[in-house]
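A quick write-up on the structure given underneath.
What follows draws every value from the coordinates through simple rules; no lab data is involved. As the structure is a prediction and not an experimental result, all values here were calculated from the model. Positions of Cβ are generated from backbone atoms using ideal geometry, with glycine treated the same way; all protein chains shown enter the neighbour counts.
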Protein chains: 2
Amino acid sequence: MNTTTPQSEHDVAADLIAVLVAVTDGDPRVLTIQDERALPSGPFQIAHRSLQSGLRAWVERQTRLPLGYVEQLYTFADSDRAGVTAQHVISISYLGLTREQPAAGEYVASWRGWYDYFPWEDHRVGVPPQIDELKRGLAAWATNTEDRAERRNRRQRAAMLFGFDDHEWNEELILQRYELLYEAGLIAEAKRGASSALAKASAPVATGRSMILDHRRILATGIARLRAKIKYHPVVFELMPDTFTLLQLQRCVEALAGRPVHKPNFRRLIEQQELVEETGELSQETGGRPAKLFRFRGAVFAARAIAGTKLPVSGA
Amino acid sequence: MNTTTPQSEHDVAADLIAVLVAVTDGDPRVLTIQDERALPSGPFQIAHRSLQSGLRAWVERQTRLPLGYVEQLYTFADSDRAGVTAQHVISISYLGLTREQPAAGEYVASWRGWYDYFPWEDHRVGVPPQIDELKRGLAAWATNTEDRAERRNRRQRAAMLFGFDDHEWNEELILQRYELLYEAGLIAEAKRGASSALAKASAPVATGRSMILDHRRILATGIARLRAKIKYHPVVFELMPDTFTLLQLQRCVEALAGRPVHKPNFRRLIEQQELVEETGELSQETGGRPAKLFRFRGAVFAARAIAGTKLPVSGA
DNA sequence: TGTTGATATACTCCAAGTGAGCATATCTTA
DNA sequence: TAAGATATGCTCACTTGGAGTATATCAACA
């Protein structure tokens, strides 16, 4: 078997699909289309020199956004989760970071807070109330099997992922949590294959806004990657304006991680690594003592990008 | 733009390509074909339920190997690095772990030590001699530009990646090192586009065995992923026999990481995490005091796989 | 004009993690 | 029986990183 394949039999269509993230007013947002139920996507064309440049090209054309950091996420081709029409489609997903703007593109796109799709993931002001309902749903699912070992396994997984029984909350496991909820039948997308009667039965309140096909899973993949990446790579600055206060920067990290950050430690690490420099100006919009304005040191970034940096998001 | 695309214009062929790794006698090996100059690959077929199951299917059929851990690496479609025939081909690469066996498959495949392709990456017994030659080549490349800033930038990158001037060696940056060597024209694959005279000119001694197309880059991607993964995920055991001594386990980790490991600390972490249990038997093949034989606790693995584990590979 | 509240900024402490060295035990081989 | 080689266990010092506390500076308001 070699690499030159006949062009006839195995042809598939390749789609590019983007998780475009911005943070505005301390809230993480994602670009959506189709009544905010789909991620933007488009076909990969031969004309594109590479996958990444292909993605850059049509995102910037469609949204007129300056696309900063771009990273490949995952390539999907599972036919079970996709719709019937998507059977022969390979979806190559990307994560892109930018600053939110009106998105005056060729078609209607809009930004939406990503916690609308994952309300249980926002632990910035404590454990969100939705967790309670999910806990009940997962408990019911765990008991809904004859196998004793399987019951214990289900309870164990739920506890580890959702922080029950003194387990620690790990914000990076968002994809695993989504897949567990999916497996437990608590996610609207999981009921599509089932009868329409069942689909209408339980109204998902705590389980967030649904999306088409497996787009919510792709979104979860993107959030997970981003939550992991901000800890050792200075990608946060792609989401910040040119100048910012340290608290704004902290709020941005908290928005992405979905958990509070210890302020003194955060400042310590930021300043230790010399990633930012003072502009000399002060922000008057703090409400209290004016904060120094900082600017990202792009020069250091280029070198440091290889080695990596550190941000104090506890846990994990 | 939506997800249902016309099947006519944008069709491409999708190839699956595998980095299959095994460790035998303390040496990391990779499965190759075509005179040990290519990674095994095959077309993705509609019949396959998913990409991963598609890969599993044909690997097990071709090689008759029990494929343990499988993980998607990256999807390539760059036309510049691939050959002319591969223009419309998307390559979805995977990392797979197994135990080396005769590989009695349908076609000729053979295992080969991966340091044959990356001789500068083996730092288990100190800095390998090839580094010297690479250092000279990179220095020459750095001076080969008019731009002062670019010269300094090149020197800086080379130093950071290859550990010159008191920089620390980071074994995870194998892909970045390969790409730097490629950019510097020190890799045989980089000369294919150039004239054949030039291609024959410099015989690459320190730059390792070459591969077809961009297979060596894919191999580097796989090694990088594996070197990162063993630190926080118990995937090493996929490469071990059923029972093993702690030193054997350590040698396996060292083989993958390409650097020595502190023995007492290694044992401490392994035992702290209760990943292994004693079989009660002793190994007589140590040459010295017989070592206890251990077995991987698969039960813990299932639960721990979510949370992750730790292995002491210093640096990074 | 002073007080309150909110934020910015700085310093200190402590516990866990981790790199590194040393001592002892047990077996094989000469 | 001595030497060599490996296994196994212990100790120590240093760094990292989480967490608490204290002070500075400004706006709003009485």
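General observations
- Converting the Cα gyration tensor eigenvalues of region A:111-240 into ellipsoid dimensions via √(5λ) gives semi-axes, longest first, of 26, 19, 13 Å.
- Region A:233-307: translational diffusion in µm²/s, Stokes-Einstein, Kirkwood Rh over Cα pairs, 4 °C, 1.567 mPa s: 100 µm²/s
- Spatial offset of region B:230-282 relative to region A:262-298 amounts to 44 Å, using the alpha carbon center of each.
- At an R0 of 25 angstrom, the distance between the Cβ atoms of A:Gln45 and B:Arg192 translates into a FRET efficiency of 0.45.
- For B:Leu73, distant residues with modelled amide H under 5 Å away: B:Ser93, B:Tyr94, B:Leu95
- Calculated label separations, A:Thr24, copies of the chain, 7 Å along the beta-carbon direction, nm: 5.9
- Listed residue pairs exceeding 18 Å between alpha carbons, taken from B:Lys263/B:Lys292; A:Lys231/A:Lys292; A:Lys135/B:Lys310; A:Lys231/B:Lys231: A:Lys231/A:Lys292; A:Lys135/B:Lys310
- Estimated inter-spin distance, B:Asp25 and A:Thr279, nm [label 7 Å along Cα→Cβ]: 6.4 nm
- The amide H of A:Tyr117, built 1.01 Å from its N in the peptide plane, has A:Arg209 as neighbours under 5 Å, considering only residues 5 or more places off or on other chains.
- Extension gain from B:Glu150 to B:Arg289, taking 0.36 nm per residue of separation minus the Cα-Cα distance: 44.4 nm
- Ranked list, fewest to most other Cβ atoms within 10 Å of each Cβ, for A:Asp122, A:Asp132: A:Asp132, A:Asp122
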